[in-house]
Amino acid sequence: MTAATDKEAPKLPETDFTETPWLDPQAAPFIQIKSLSKEFDDFTAVDSISLDIYQGELFTILGGSGCGKSTLLRMLAGFENPSAGQIIIDGVDISDLPAYDRPVNMMFQSYAVFPHMTVAQNIAYGLKKDRLPNAEINSRVQEMLELVQLQDLAARKPKQLSGGQCQRVALARALIKRPKVLLLDEPLAALDKKLREQTQFELINLQHKLGTTFIVVTHDQEEAMTLSSRVAVMDAGRFVQIGTPLEVYEFPLNRFVADFFGTINLFDATVTSSVQVDSCTHTIEAALDKTGTLVKADCSHQLNQGDIISIGVRPEKLSISQKKPRGKNLTITNGIVEDLAYYGNRSIYRVRSHSGRMIQVSAQNFQRTKELVLEWDDQVYLSWDSSCSVVLPE
Ligand SMILES: Nc1ncnc2c1ncn2[C@@H]1O[C@H](COP(=O)(O)OP(=O)(O)OP(=O)(O)O)[C@@H](O)[C@H]1O
Ligand SMILES: [Mg+2]
């Protein structure tokens, strides 16, 4: 052994990007959407969208009704011709390929299963159309039935199934052709709340097992939060923010995203001072309009004295108490409980502050009590730590 090898520096552990391929500078995107637009006459439904999605992601597109979600998905599937732009999947430009030649399958907003066919026949449909040998069809249907746990219901007709079971038939039918990408348009919209929550977990498990790239469209922000590796928030044909659910929830880029993705209390404020802490952090102090309450907050961009901003605080970041709280970095205000909703594990309070505005607080019910800890018309203090203030320039 030479002296040189003896002195070799110990290898640093390599960063594992398996769960976060979008952070890996070496990773090649699996789907590339480049400046994609769709115009209907003089109306722009999708406005020059660019996006990279990585293999095995469960990517969600979230936005209000009419913002262009389905149109975008339909262009990926090949059911709508783009007015401009390019779609590349696995290195191949599919922009001009017809729907049946694309390595994608789409589950529509209203998933229609054939009522006259059994579960097994519904699932087999795509392969039958492709005239695959019967033995192969049977074995792949069996595989799918197991995957979506419908083995015992294979002979039933759709009307003999629950909503969730029907949903799973539609999923199996979309997956049996082993698409590289599965597009799902509001896949859980037809299910009731409890079933939707359960099916969300099933969908995540299924996607994990298969490793297929899923693009899911939804207007339900809780669904987007639960399902996604990353989420794109869409408004008027454009993406307003793309990030992990945590990034988008805790670090929204503007008022629209903050308000759309979860609930937030937004206060108009004016910057009174700004100090640069390091190359990417500034600590600002701002006065809330109406009350003049001073709020400290960290933000990533330079702001100047006199700038008009919004300060956002999520309801669960606020503490509610009858005693005045103490703490170094707390912002404290007070008010009267005007509305109260008891959910068992937590309660939602709507507190009218002395400035007249309503502030929403979500509090865990830690204690086991026979009566509510706080009641309507109680005088309360609300407080939050400066690290919980979100600075929103728009
Ligand atoms: N064929 C069409 N001709 C003209 N306008 C259309 C057409 N299809 C969609 N649009 C319009 O494009 C916009 C985007 O429609 P899209 O179906 O993509 O919305 P969405 O985000 O999926 O909404 P939802 O959540 O209600 O399903 C809407 O304003 C819609 O009216
Ligand atoms: Mg739609």
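Quick note: the coordinates plus some simple rules give every number you see, no bench work behind them. Note that the structure is predicted; figures quoted are calculated from it, not measured. Virtual Cβ from ideal backbone geometry, glycine too; neighbours counted across all protein chains shown.
In table form, for the structure just shown:
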quantity: Distribution of pairwise C-alpha distances over the range 24-258, 10 Å bins, in %; calculated: 8, 32, 36, 20, 5, 0
quantity: Reachable aspartates and glutamates from Lys328, criterion Cα separation under 13 angstrom, eight or more residues apart if same chain; calculated: Asp385
quantity: Cα principal axis extents for the chain, largest first, Å; calculated: 74, 70, 63
quantity: Label-to-label distance, nm, for residues given as Asn205 and Gln151 (7 Å Cα→Cβ offset); calculated: 1.4
quantity: Estimated inter-spin distance, Lys323 and Thr369, nm [label 7 Å along Cα→Cβ]; calculated: 1.3
quantity: Residue-span extension gain [Asp378 to Gln160] - 0.36 nm each, minus C-alpha spacing; calculated: 73.3 nm
quantity: All-pairs Cα distance distribution in the range 7-120, expressed in whole percent, bin size 5 Å; calculated: 2, 9, 16, 18, 16, 12, 9, 6, 4, 3, 2, 1, 1, 0, 0
quantity: Difference of contour (0.36 nm per residue) and Cα-Cα distance, Ser273 to Ser95; calculated: 59.0 nm
quantity: Whole-Å distance, taken between Cα centres, linking the range 26-51 and the range 62-124; calculated: 15
quantity: Length gained when the stretch Asp220-Thr283 is fully extended (0.36 nm per residue, less Cα-Cα span); calculated: 19.3 nm
